[in-house]
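J.: Pasting a structure below so you can have a look.
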Amino acid sequence: MTKKSAKTTADEKLLVGIDLGTSRSAISADNGKKKWVESYVGWPRDFISRKVVGKPMLFGEEAVEHRLSLDMYRPLKNGVIKEGTARDEEAVKELIRHLISLVQPSRNDSKIRAVVGVPAESFKVNKVALKKAVAEFSEALFVVSEPFAVAYGVGALDNALVIDIGAGTVDFCIMHGTVPSEEDQRTVLTAGDYIDQQLFTFLKDRYPEADFNLNMIRRFKEEHSFVGTVDKDVEVEIPVEGKSTVHNITDEMKRACDSILPAIVESTLELIAKFDPEYQDAIRGNIILAGGGSQIRGLVEYLEETIGEYGPTKVRVVDDPLFGGADGALELAKEMPEEYWTEL
Ligand SMILES: Nc1ncnc2c1ncn2[C@@H]1O[C@H](COP(=O)(O)OP(=O)(O)OP(=O)(O)O)[C@@H](O)[C@H]1O
Ligand SMILES: [Mg+2]
């Protein structure tokens, strides 16, 4: 995949939008293909594991399944491509290569132009690492913050606030009719992973005899998350001494989900308050939630009520939280003027 074939013509250019997430990464290409993987990259630990897994490298769910044989990397944890470890950088590169291979036609000599959406924090920190990561298999790159990609995708370019609630970070971005600058953005580090940790701790306290791990906790959350009230108790099956047993986890679920709310409300109010006063109402009336965390039941109502104390508030959720970022990045790739691209 090093030298581009001389026969390559402009028609063969493949535009892709990539959403590099802490827990899931998605790609959307202009040939209509869309794919996503869990953001795990794993290398076999030794020659035995290499023989067992039968591949030089595994991704996503397959990597998770074989985790005991692998050195596992989740390279965007906390929204930063971690400094110092060459392996994390390599993992990002391989993840991007893998995503592209999922949408690329089998004859892969087409030129690729990629718009990559990253959590806002890593946007600040590590553009260089990203550039290195994609240089090998794409000819041009543009890096954007993920909430900006989401905003672009839903056409919310003016007077809107996007809140992207992911695994590692909650990213905020105010849109006001221009490309957003750093002041228009915020990142908070208490997001989906944090809810999982909280829920884990609360349940360990209440049910010390129950046998569960973080993976199970995340599944419970994805099925039963809520803020506010629910009309039915949350009950899940967790083994106790090997016997599947029903546990009521309503209170713990509520406390865990509630734990990310104060920072979200505070950042929202702060971002809006420092914006031009004449437009504050308009922005409060156009809040868009994206990312997996946007699926928490009761969240829209909670935010409308709490932020509503400052003036009329309207909150909605993007249609497709899984591909919202990648689709938006693809739209950008299609419409962006030439001078924005970084040639690689
Ligand atoms: N129904 C749900 N209720 C609550 N949380 C959910 C639900 N579905 C998914 N999630 C959580 O959303 C998070 C994943 O969201 P998303 O794919 O947007 O994150 P990401 O892009 O990988 O992370 P980041 O943007 O922080 O890098 C995970 O923590 C996941 O458990
Ligand atoms: Mg994300």
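J.: Hey, among ARG206, ARG186, ARG219, which residue is touching a residue at least 60 places away in the same chain (Cβ under 8 Å) and of a type in the set (Lys, Arg)?
T.: Working: ARG206 fails: touching a residue at least 60 places away in the same chain (Cβ under 8 Å); ARG219 fails: touching a residue at least 60 places away in the same chain (Cβ under 8 Å).
From the options ARG206, ARG186, ARG219, the qualifying one is ARG186.
J.: Here's a follow-up. Just wondering, is there one or more residues in the range 11-25 that are surrounded by fewer than 20 Cβ atoms within 10 Å (Cβ to Cβ), over 24 Å from PRO75 (Cα atoms) and modelled with pLDDT of 90 or more?
T.: Checking the range 11-25: not a single residue is surrounded by fewer than 20 Cβ atoms within 10 Å (Cβ to Cβ), over 24 Å from PRO75 (Cα atoms) and modelled with pLDDT of 90 or more.
J.: I need a count of the residues in the range 191-237 that are within 16 Å of ligand 2 (Cβ to nearest atom) and β-branched (Val, Ile, Thr). Before the answer, list the steps.
T.: The initial filter retains those residues of the range 191-237 that are within 16 Å of ligand 2 (Cβ to nearest atom), namely 191-196, 218, 222.
Pick out the ones that are also β-branched (Val, Ile, Thr) and you get 195.
Within the range 191-237, residues that are within 16 Å of ligand 2 (Cβ to nearest atom) and β-branched (Val, Ile, Thr) number 1.
J.: Sticking with this structure for a sec: Can you report the number of residues in the range 220-235 which are at pLDDT 95 or above and either touching an Asp or Glu at 6+ places or on another chain (Cβ under 7 Å) or closer than 20 Å to GLY293 by Cα (or both)?
T.: The number of residues fulfilling the criteria is 9.
J.: Examine the range 65-74 for a residue that is in a loop (DSSP other than H, G, I, E, B), modelled with pLDDT under 90 and surrounded by fewer than 23 Cβ atoms within 10 Å (Cβ to Cβ), and state whether such a residue exists. Step through it out loud before you land on a result.
T.: Narrowing the range 65-74 to residues in a loop (DSSP other than H, G, I, E, B): 66, 74.
Then keep just the ones that are modelled with pLDDT under 90; that gives 74.
Retained after the next criterion (residues that are surrounded by fewer than 23 Cβ atoms within 10 Å (Cβ to Cβ)): 74.
For the range 65-74, residues in a loop (DSSP other than H, G, I, E, B), modelled with pLDDT under 90 and surrounded by fewer than 23 Cβ atoms within 10 Å (Cβ to Cβ): present.
J.: Need the failing condition index for TYR279 against (1) touching a strand residue (DSSP E or B) at 6+ places or on another chain (Cβ under 9 Å); (2) among the aromatic types (Phe, Trp, Tyr); (3) within 22 Å of VAL188 (Cα to Cα), just the number.
T.: (3)
J.: Applying the selection to the range 135-173, what residues are more than 16 Å from ligand 2 (Cβ to nearest atom), surrounded by fewer than 24 Cβ atoms within 10 Å (Cβ to Cβ) and touching a residue at least 24 places away in the same chain (Cβ under 8 Å)? Steps first, please.
T.: Taking the range 135-173 as the starting set, the residues that turn out to be more than 16 Å from ligand 2 (Cβ to nearest atom) are 135-142, 155-161.
Cutting the leftovers down to surrounded by fewer than 24 Cβ atoms within 10 Å (Cβ to Cβ) gives us 135-142, 155-160.
Result: ALA135, GLU136, PHE137, SER138, GLU139, ALA140, LEU141, PHE142, ALA156, ASN159, ALA160.
J.: Kindly state which strands (runs of 3 or more DSSP E) lie completely within the range 243-344 and contain at least 3 residues that are at pLDDT 95 or above, within 15 Å of ligand 1 (Cβ to nearest atom) and surrounded by 15 or more Cβ atoms within 10 Å (Cβ to Cβ). If you could, list the steps in order and put the result at the bottom.
T.: On the way: elements: 243-248, 287-290, 315-317.
By residue number, 287-290.
J.: Hey, can you tell me all the residues within the range 60-70 that are more than 14 Å from ASN215 (Cβ to Cβ) and out of contact with any Ser or Thr (no Cβ under 9 Å at 6 or more places or on another chain)?
T.: GLU62
J.: A further question on this structure: Anything in the range 24-56 that is in a loop (DSSP other than H, G, I, E, B), in contact with a strand residue (DSSP E or B) (Cβ under 9 Å, 6 or more places away or on another chain) and under 28 Å from PRO321 (Cβ atoms)? List them, or say none.
T.: Listed by number, the residues that qualify are ASP30, ASN31, LYS33, SER39, TYR40.
J.: Which of the residues spanning the range 151-166 are of a type in the set (A, V, I, L, M) and within 16 Å of ligand 1 (Cβ to nearest atom)?
T.: Of all residues in the range 151-166, those of a type in the set (A, V, I, L, M) come to 151, 154, 156-157, 160-163, 165.
ALA151, VAL154, VAL162, ILE163, ILE165 - these are the residues of the range 151-166 that are of a type in the set (A, V, I, L, M) and within 16 Å of ligand 1 (Cβ to nearest atom).
J.: Looking only at the range 291-344, count how many residues are in contact with a Cys (Cβ under 9 Å, 6 or more places away or on another chain) and on the phi > 0 side of the Ramachandran plot.
T.: Count: 1.
J.: Related question: Given the criterion within 12 Å of ligand 1 (Cβ to nearest atom) and either in the same structural domain as THR250 (by TED's automatic domain parsing) or hydrophobic (A, V, I, L, M, F, W, C) (or both), identify the matching residue among VAL188, VAL179, VAL115.
T.: On the way: VAL179 fails: within 12 Å of ligand 1 (Cβ to nearest atom); VAL115 fails: within 12 Å of ligand 1 (Cβ to nearest atom).
Within the list VAL188, VAL179, VAL115, the selection yields VAL188.
J.: Next question, about the same structure. Any residue in the range 235-247 that is of a type in the set (Ser, Thr, Tyr) and under 25 Å from the mean Cα position of the chain (by Cα)? Full working, then the answer.
T.: At the first step, the residues of the range 235-247 found to be of a type in the set (Ser, Thr, Tyr) are 244-245.
Remaining after also requiring under 25 Å from the mean Cα position of the chain (by Cα): none.
Scanning the range 235-247, I find no residue that is of a type in the set (Ser, Thr, Tyr) and under 25 Å from the mean Cα position of the chain (by Cα), so the answer is no.
The values are calculated or read from the model by the stated rules, or taken from the named source; none is laboratory data. Source: prediction; values computed, not measured. All Cβ positions, glycine included, derive from the backbone under ideal geometry; neighbour counts span all protein chains shown.
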